[in-house]
Amino acid sequence: MNQIIIKNQMKTLWDPSIPVLSNLCNLTALLHDELEHLNWVGFYFVDIEQNCCFLGPFQGRLACTRIPIGQGVVGTCAARKKSMNIPDVHAFPGHIACDSASNSEFVAPVFKNDALFAVLDVDSDQFGRFGPEEESIFLEAAALISGHLSNAK
Ligand code: SME
């Protein structure tokens, strides 16, 4: 499916009358279904007080439940508050291999107003799976969520 359709689906799927968590669950299902060679897609919720990222809604195999900020791909994203495209996770120092099938990974921060809320984490069994088209989808997903979170009471 092309990126325009996926982006439109992401927008129409979001229902502000249900909890954010419910929307995030369906968003992971949408990305997992529509993009090929994703073996894991989900969110880690950031808890600044505990200096940790905790497992949120996802599609894929069992995953690490807590990742300290600054560790692994997810924790590094949380520390830097920047998206990262990792074409070969085995070359990333400190990569945490939750699923041994993963070979490339993309992470993007999700903000609530100015505070870091979560990390969107996407894994593929293919090396270098994520190009500009996928990056654009994931960044739009993160921006969409941030927009809704910032509007939420
Ligand atoms: N690979 C991640 C861990 C999370 S799993 O990919 C779901 C990392 O290095 O932080």
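Determine, yes or no, whether Phe117 is part of a loop (DSSP other than H, G, I, E, B) and either open to solvent by 10 Å² or more (accessible area, probe 1.4 Å) or not hydrophobic (A, V, I, L, M, F, W, C) (or both).
Details: part of a loop (DSSP other than H, G, I, E, B): no; either open to solvent by 10 Å² or more (accessible area, probe 1.4 Å) or not hydrophobic (A, V, I, L, M, F, W, C) (or both): yes.
No.
So which of Cys53, Cys98 is in contact with a strand residue (DSSP E or B) (Cβ under 8 Å, 6 or more places away or on another chain) and at pLDDT below 95? So that I can check it myself, show each step before the final result.
Details: Cys53 fails: at pLDDT below 95.
Of the residues listed, the single one that is in contact with a strand residue (DSSP E or B) (Cβ under 8 Å, 6 or more places away or on another chain) and at pLDDT below 95 is Cys98.
For (1) more than 25 Å from Asn151 (Cβ to Cβ); (2) within 7 Å of the ligand (Cβ to nearest atom), each residue gets a yes or a no:
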site: Ile69; (1), (2): yes, no
site: Gly72; (1), (2): yes, yes
site: Cys77; (1), (2): no, no
site: Ala91; (1), (2): yes, no
site: Ser104; (1), (2): yes, no
site: Gln126; (1), (2): yes, no
site: Gly131; (1), (2): yes, no
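Go through the stretch 80-89 residue by residue and tally those that are within 24 Å of Asn51 (Cβ to Cβ) and more than 11 Å from the ligand (Cβ to nearest atom).
If we filter the stretch 80-89 for residues that are within 24 Å of Asn51 (Cβ to Cβ), which is where we start, we get 80-84, 86, 89.
Among the residues that remain, those that are also more than 11 Å from the ligand (Cβ to nearest atom) are: 80-83.
Qualifying residue count, the stretch 80-89: 4.
Quick one: would you say Pro68 is in contact (Cβ under 8 Å) with a residue 24 or more places away in the chain and either within 17 Å of Thr28 (Cα to Cα) or over 14 Å from the mean Cα position of the chain (by Cα) (or both)? So that I can check it myself, show each step before the final result.
Numbers: in contact (Cβ under 8 Å) with a residue 24 or more places away in the chain: no; either within 17 Å of Thr28 (Cα to Cα) or over 14 Å from the mean Cα position of the chain (by Cα) (or both): yes.
No, not satisfied.
Hey, among Ala118, Ala108, Ala142, which residue is more than 15 Å from Leu38 (Cα to Cα), under 13 Å from the mean Cα position of the chain (by Cα), more than 15 Å from the ligand (Cβ to nearest atom) and of a type in the set (A, V, I, L, M)? Step through it out loud before you land on a result.
Numbers: Ala118 fails: more than 15 Å from the ligand (Cβ to nearest atom); Ala108 fails: more than 15 Å from the ligand (Cβ to nearest atom).
After ruling out the rest, the residue left standing is Ala142.
So how many residues does the stretch 85-95 have that are open to solvent by 20 Å² or more (accessible area, probe 1.4 Å) and either modelled with pLDDT of 95 or more or within 16 Å of the chain's Cα centre (by Cα) (or both)? Walk me through how you get there before you give the answer.
Step one: filter the stretch 85-95 for residues open to solvent by 20 Å² or more (accessible area, probe 1.4 Å), giving 85, 87-88, 90-95.
Right, trim to either modelled with pLDDT of 95 or more or within 16 Å of the chain's Cα centre (by Cα) (or both) and you get 85, 87-88, 90-92, 95.
Qualifying residue count, the stretch 85-95: 7.
Considering only residues of the stretch 16-55 that are open to solvent by 20 Å² or more (accessible area, probe 1.4 Å) and of a type in the set (Ser, Thr, Tyr), which is nearest to Ile5 (Cα to Cα)?
Among residues in the stretch 16-55 that are open to solvent by 20 Å² or more (accessible area, probe 1.4 Å) and of a type in the set (Ser, Thr, Tyr), the one nearest to Ile5 (Cα to Cα) is Ser22.
The values are calculated or read from the model by the stated rules, or taken from the named source; none is laboratory data. Worth saying up front: this structure is predicted, and the values here are computed from it rather than measured. So basically every Cβ, Gly included, is an ideal-geometry build from the backbone, and we count neighbours across all protein chains shown. SASA here: full protein model, heavy atoms, side chains in, ligands and nucleic acids out. Shrake-Rupley method; radii C 1.70, N 1.55, O 1.52, S 1.80 Å.
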